[in-house]
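A.B. asks: Structure provided below as structure tokens; questions to follow.
The values are calculated or read from the model by the stated rules, or taken from the named source; none is laboratory data. Predicted, not measured: the structure shown is a model, and the values here were computed from it. Virtual Cβ from ideal backbone geometry, glycine too; neighbours counted across all protein chains shown. To get the accessible areas, we keep the full protein, side chains included, count just its heavy atoms, and leave off ligands, DNA and RNA. Shrake-Rupley method; radii C 1.70, N 1.55, O 1.52, S 1.80 Å.
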Amino acid sequence: MTTDIQSILNRLGIKADNAAYSTGSNWGGATNTEKLESYSPVDGKLIASASVASVTDYDAIVVKAETAFKEWRTVPAPKRGEIVRQFGDALRENKEALGTLVSYEMGKSLQEGFGEVQEMIDICDFAVGLSRQLYGLTMHSERPSHRMYEQWHPLGIVGIISAFNFPVAVWSWNAALALVCGNVCIWKPSEKTPLTAIACQHIIAKVFKANNVAEGVCNLVLGDRTVGELMTNDSRVPLVSATGSTRMGKAVGAAVGARLGKSLLELGGNNAIIISEHADLDMSLIGAVFGAVGTAGQRCTSTRRLIIHESVYDAFTAKLVKAYGQLRIGDPLDQNNHVGPLIDTDAVAAYLDSIEKCKAEGGNFVVEGDVLSGDAYASGCYVKPCIAEVQNDYKIVQHETFAPILYLIKYKTLDEAIALQNGVPQGLSSAIMTLNLREAEHFLSAKGSDCGIANVNIGTSGAEIGGAFGGEKETGGGRESGSDAWRAYMRRQTNTINYSNTLPLAQGIKFDL
Ligand code: NAD
């Protein structure tokens, strides 16, 4: 690996020596000696360590955020948008450095690291326009000389809990919208990727400082789930937006729900592409292989199942096996490689366990999996993408394994294919490959896919800013990033103004004194 990581860390101004980090130029003053150590899955080396936020650190940050909110909510939304615009520009300047650190700390390819920062830039652009479009409706009152309308106000502190696989983009989806809406944020990133979070915090802190924004508008608390739990149980945090596994989402949803707070949940997927007999098979191949092996199968939208029409099943499987034979696995910073490492050796163990379980249920591997060894794979996190023929109702197929294991399932009729696609507990992303208009429209109709995302002639993996992102069922029901997702970050207030000389009551109720 030739990239000079130390110079990247220097360029990003990372001082990984404190945990509770607020928006100003100063660290928040961590009181904990417990450290989070960040090891790269690329080469297994320790990159840096950072202190875990203690309860005292967390409390200090919340108090700071509450104070900052009182001021930030009074800044006109378009002016807040202007600051988010400048943040987007700062990301443009830091795209190469931040994208490289994302790749090195998380293990995704350099191209995907840059793509992740581009997604941050795109959400900033989206949020700037949005800052002038936080519309409410006006209604006609049934009472004479009355005016009725609704307006949207900020909530206060938005807690953001994020997963390791999109270590920076998911935070920005939430933060950019939350900020233009007038909220302040506290971010608890994945304990597996603390350094990219510190880098982001550093970039936004500079922008805030240049604009004399009070400390405490954007805050970072590092730590594992116990730090996240401080937030989910804290009624000073009205909205918790949490991205991660369904297991985590159930715990977060229950904790926030118990105090009647709001939660926005973006959880696991189990995404399928239907390859119809009317598909363009060459195009389908690219969508399927990128969807299954991109980010080493560690995207919430990764393609986990291919539901293939019986008439093209053998031909398409042969193409897949050939394509898998050509995949180059190795250092994700080397742009010649297609597949990088899994996040850590626990993920490797989960991959091996799933392969065993699949075999035990009767799965037939047409491309075998394995853990790679040798100097180039010294971190122990590199695995071979594999493919198994299965039945959809295998327990392991119903489960999201966050690794490059692709399941093949055969179908006869489109209705059967849709039932298979919908026949899992998760409901994030789905796709059909077909050149047949009737099939495509049927798949998108109310009788079709039950997922939050349904594509035609595009794979399941990835999404662009502009559309609302999220899924149904055990994916959690949240929507982020595009469309009217901003409403989740605001509270709606209905206002009725009486400009008459009398006080008529609604529904014609008489009450005379
Ligand atoms: P994870 O659930 O292990 O952890 C995610 C985050 O939640 C971490 O910051 C963790 O510290 C925190 N956390 C865990 N338990 C918690 C609790 N009880 N209370 C508060 N915080 C808690 O997930 P991961 O391994 O980092 O990420 C992979 C998972 O994330 C996959 O299931 C993937 O599908 C999902 N994901 C979903 C989306 C989406 O938009 N739907 C996007 C990215 C990742």
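A.B. asks: Are there any pairs, at least 6 apart or on different chains, whose C-beta atoms fall under 7 Å, with the first in region 57-70 and on the phi < 0 side of the Ramachandran plot and the second open to solvent by 60 Å² or more (accessible area, probe 1.4 Å) and not in a helix (DSSP H, G or I), and if so, which?
C.D. replies: Pairs that qualify, where the first residue is on the phi < 0 side of the Ramachandran plot and the partner is open to solvent by 60 Å² or more (accessible area, probe 1.4 Å) and not in a helix (DSSP H, G or I), are Asp57/Thr31; Val62/Arg236; Lys64/Glu215; Glu66/Arg236; Ala68/Glu215.
A.B. asks: Additional query: Output the residues belonging to region 455-482 that are open to solvent by 20 Å² or more (accessible area, probe 1.4 Å) and away from the ligand (no atom under 15 Å from the Cβ).
C.D. replies: Residues satisfying the conditions are Asn455, Val456, Asn457, Ile458, Gly466.
A.B. asks: Please indicate, with yes or no, whether at least one residue in region 255-270 is within 11 Å of the ligand (Cβ to nearest atom) and more than 30 Å from Cys181 (Cβ to Cβ).
C.D. replies: Yes, that holds for at least one residue.
A.B. asks: Among the residues of region 106-142, what is the count of those that are over 30 Å from Val42 (Cα atoms), open to solvent by less than 60 Å² (accessible area, probe 1.4 Å) and hydroxyl-bearing (Ser, Thr, Tyr)?
C.D. replies: Total meeting the criteria: 2.
A.B. asks: Still on this structure, I have one more. Among the residues of region 87-105, how many are free of Cβ contacts under 8 Å to residues at least 24 places away in the same chain, in contact with a helix residue (DSSP H, G or I) (Cβ under 6 Å, 6 or more places away or on another chain) and surrounded by fewer than 21 Cβ atoms within 10 Å (Cβ to Cβ)?
C.D. replies: 0
A.B. asks: Just to be sure before I move on: is Ser145 among the small types (Gly, Ala, Ser) and open to solvent by 30 Å² or more (accessible area, probe 1.4 Å) in the structure I sent?
C.D. replies: Yes; evaluated as a whole, the condition is true for this residue.
A.B. asks: Being more than 16 Å from the ligand (Cβ to nearest atom) and open to solvent by 30 Å² or more (accessible area, probe 1.4 Å) narrows it down to one of Glu229, Glu191, Glu215, so name that one.
C.D. replies: Glu215
A.B. asks: State whether one or more residues within region 160-174 are out of contact with any Leu (no Cβ under 8 Å at 6 or more places or on another chain), at pLDDT 95 or above, more than 9 Å from the ligand (Cβ to nearest atom) and closer than 12 Å to Leu222 by Cα.
C.D. replies: Yes, there is a match, as at least one residue in region 160-174 is out of contact with any Leu (no Cβ under 8 Å at 6 or more places or on another chain), at pLDDT 95 or above, more than 9 Å from the ligand (Cβ to nearest atom) and closer than 12 Å to Leu222 by Cα.
A.B. asks: Moving on to the next point. Got a sec? Which of Leu306, Leu281 is assigned by TED's automatic domain parsing to the domain that holds Ile432, more than 11 Å from the ligand (Cβ to nearest atom) and touching a Leu at 6+ places or on another chain (Cβ under 9 Å)?
C.D. replies: Result of the check over Leu306, Leu281: Leu306.
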